[in-house]
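Inspection log for the structure reproduced underneath, given as C-alpha cells.
The values are calculated or read from the model by the stated rules, or taken from the named source; none is laboratory data. This structure is a prediction, so every number in the text was calculated from the model and none was measured. FYI the Cβ positions are ideal-geometry reconstructions off the backbone, even for glycines, and counts take in every protein chain you see.
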Amino acid sequence: MELQWSYTISVIPTLLKGLKMTMLIAVLGILLGFAIGLLVGLARSGKNKIIYRIAGVYVAIIRGTPLMVQALYLYFAIPMMLDFELPALSAGIIAIGLNSGAYISEIVRGAIQSIDIGQHEAGECLGLSKFQIMTSIILPQALKIMLPSLCNQFIISVKDTSLLTVIGVAEMTHQATQAVSSTFRTVEIYTALALMYFILNTILSFLLSKLERRMK
Amino acid sequence: MSEAIVKVENLSKAFGELEVLRDINMEVKEGEVISVIGPSGSGKSTFLRCINLLETPNSGTITYEGNIVTEKGYDRRKLHREIGMVFQRFNLFPHKSVIDNIMLAPRKLKLGAKEELREQAMELLAKVGLESKADEMPGNLSGGQQQRVAIARALAMKPKVLLFDEPTSALDPELVGEVLKVMQNLAEDGMTMIVVTHEMGFAREVSDHVIFMEGGYIVEEGKPKDVFAAPRNERTKKFLASVL
Ligand SMILES: Nc1ncnc2c1ncn2[C@@H]1O[C@H](COP(=O)(O)OP(=O)(O)OP(=O)(O)O)[C@@H](O)[C@H]1O
Ligand SMILES: [Mg+2]
C-alpha cells in the first residue's frame, strides 16, 4: 500500500478536537491529583498511625496496578457493583486524579521531610499552631522544592490520558484510532498522533521550565 | 527574694537507653541571667529544650509562673508564647523577608493591627541594629545579622523568658561580638535569660549565675566569679582549663 502523507495533514483538525479533551482531562485530573496528593502526603508525614496506614494502602494499590486497569475498574466495575452510571469523561478525570495523586503524595511527603526540623521548632517556639506552622512555614518552602517534580508529573499525566481510550473518552488517541478505522491510513494518522504528543509535550516542558525559573 | 519564674525539679530525660539528664534542679528568678556551660554532649541543649517542652521529660517537674507545665493538659502554646527561643542555627524562615520573619507569629496570633506590628518590628530591628535590612531575605545576611534577626523575632512575642542555645557557635569569630552585645543589652534591660554558651567571657561578665553540666548532671553552680575563679569540683576545673 502506498503511503499518502496528505492524510497526516488532513487528520489534524480531528486530532485537535481530541487534544482539547486530552488537555481538559489532564488539567482537571492533575488538579484533583494535587488535592489528593497534598492530603495523602500530609497524612503520610503526620503522626497518626491509622491515617498513615490508610494512606499507605492507597499509594500501594495505585502504584501496584496499571493506570489502564484502574480506568477500566473505575468506569466499568465500580459502577456495576454499586449500580450507578459514571460518564466516561468523569471516570477519566478521576482515574488521572487518583493515579497522579498517589505519585504526588510521595512528592509532597519527600518535600515536607526535606524541610529542616528547625523550621518546625522555630514556629512552635513562637506559639504557632501545627496548622499555622504547616501552612505558613513548611508548605510554602516544600512547594518550591516540589515544583519540578510536579511539572514532571503533569507531563506524565498528559501522556497517560492516551490510555483512557480504552474507556472511550474522546481524547486525542481515541480520535486517531477512530480516524484509522474509517480510513485505514494507519501509518499516516498514527504518525500525526505521535507528532502531536511530541510537540505538545515539548511546548509544555518549555512553559513549565519557564515557570520554574520564575519561581526561583 | 522574688518567686522563681521557672523552676526545674528532679528533671530526668533519656533517649531510649541513653540517659541525658539526671535529676536536674534549678530555678530562675525574674530578670536573672543564667549561663549553662559544659562539654559537648553533656545535655545542655536537651535541658534547654525540656524547659519549653520541645523535649518531653521522663520524670520531674517544670514550673512556670507557679503552674506545672509538665502536667498533662497544660497549654503548650501558652508556654511557647511566653518563653522564646534562639537557636544555634538561627532557623529563620528563608522564604520570608527579615521584617516578615519578625511579624509572622504576631500576625498569625493576631497580637495587633498590621501597621502597629510593623512599627513594633521596626523598633525591634533598630534594637538589634538592622533597620536597614528590613526588606532583605535572610539568605543575604551574614550569620551574625541572621542571629540578630532571630533574636528580634523572638522578642516580637514579648516573651518573659528567653532561651538561647549556643547562639554564637555557628558564627565566624568576627561576628560573635555583635550578637553577644545584643544579648548583653537585653540582659541590662532586665530580660530573664537562660543561655547555653561556650563564650566564657559572656558567662563570666553578663550572667548572674553559672551552671556547669557534665554527663547529664549539674556538677557545679554558683556566682560566675566563684565558679570561674575558684571552682570546687575537679571536673569543673578541668573543663575551665580546657576552654579558657
Ligand atoms: N533526639 C535525640 N535522640 C537521641 N539522642 C539524642 C537526641 N538529642 C540529643 N541526644 C543525645 O543526648 C546527649 C546530649 O545531647 P545535647 O545535645 O543535650 O548535648 P549538649 O550539651 O547540648 O552538646 P553540644 O555542646 O554538642 O551541643 C548526646 O549524647 C546526644 O547525642
Ligand atoms: Mg547543644
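General observations
- A residue that is in a helix (DSSP H, G or I) and without any contact (Cβ under 8 Å) to a residue 12 or more places away in the chain can be found somewhere in region B:86-102.
- Residue in region A:203-214 that is modelled with pLDDT of 95 or more and under 24 Å from A:Met68 (Cα atoms) present: yes
- The single condition among (1) touching a residue at least 60 places away in the same chain (Cβ under 8 Å); (2) more than 16 Å from ligand 2 (Cβ to nearest atom); (3) surrounded by fewer than 17 Cβ atoms within 10 Å (Cβ to Cβ) that B:Ala229 does not meet is (1).
- Filtering A:Leu150, A:Leu143 for residues that are more than 13 Å from chain B (Cβ to nearest Cβ) and either closer than 21 Å to A:Leu211 by Cα or not hydroxyl-bearing (Ser, Thr, Tyr) (or both) leaves a single hit, A:Leu150.
- Subset of region B:47-68 [more than 14 Å from chain A (Cβ to nearest Cβ) and more than 16 Å from ligand 2 (Cβ to nearest atom)]: B:Pro57, B:Asn58, B:Ser59, B:Gly60, B:Thr61, B:Ile62, B:Thr63, B:Glu65, B:Gly66, B:Asn67, B:Ile68
- Among strands (runs of 3 or more DSSP E) entirely within region B:3-72, having at least 3 residues that are over 24 Å from B:Val206 (Cα atoms) and within 15 Å of ligand 1 (Cβ to nearest atom) singles out B:4-15, B:18-29.
- Residue count for region B:154-175 satisfying the condition of being within 16 Å of ligand 1 (Cβ to nearest atom) and without any contact (Cβ under 8 Å) to a residue 60 or more places away in the chain: 2.
- Scan of region B:106-136 for residues that are among the hydrophobic types (A, V, I, L, M, F, W, C) and either within 24 Å of the chain's Cα centre (by Cα) or crowded, with 18+ Cβ neighbours inside 10 Å (or both), ordered by number: B:Leu109, B:Leu111, B:Leu117, B:Ala121, B:Met122, B:Leu124, B:Leu125, B:Ala126, B:Val128, B:Leu130, B:Ala134
- Number of positions in region A:92-128 that are away from chain B (no Cβ under 14 Å), surrounded by fewer than 19 Cβ atoms within 10 Å (Cβ to Cβ) and either touching a Ser or Thr at 6+ places or on another chain (Cβ under 6 Å) or of a type in the set (S, T, N, Q) (or both): 1
- Contact map, region A:176-190: residues that are closer than 11 Å to A:Val11 by Cα paired with residues that are among the basic types (Lys, Arg), Cβ distance under 6 Å, separation 6+ or inter-chain. No pairs are found.
- Residue within region B:27-46 that is closer than 15 Å to B:Lys160 by Cβ, within 16 Å of ligand 2 (Cβ to nearest atom), polar (S, T, N, Q) and within 14 Å of another protein chain (Cβ to nearest Cβ) present: no
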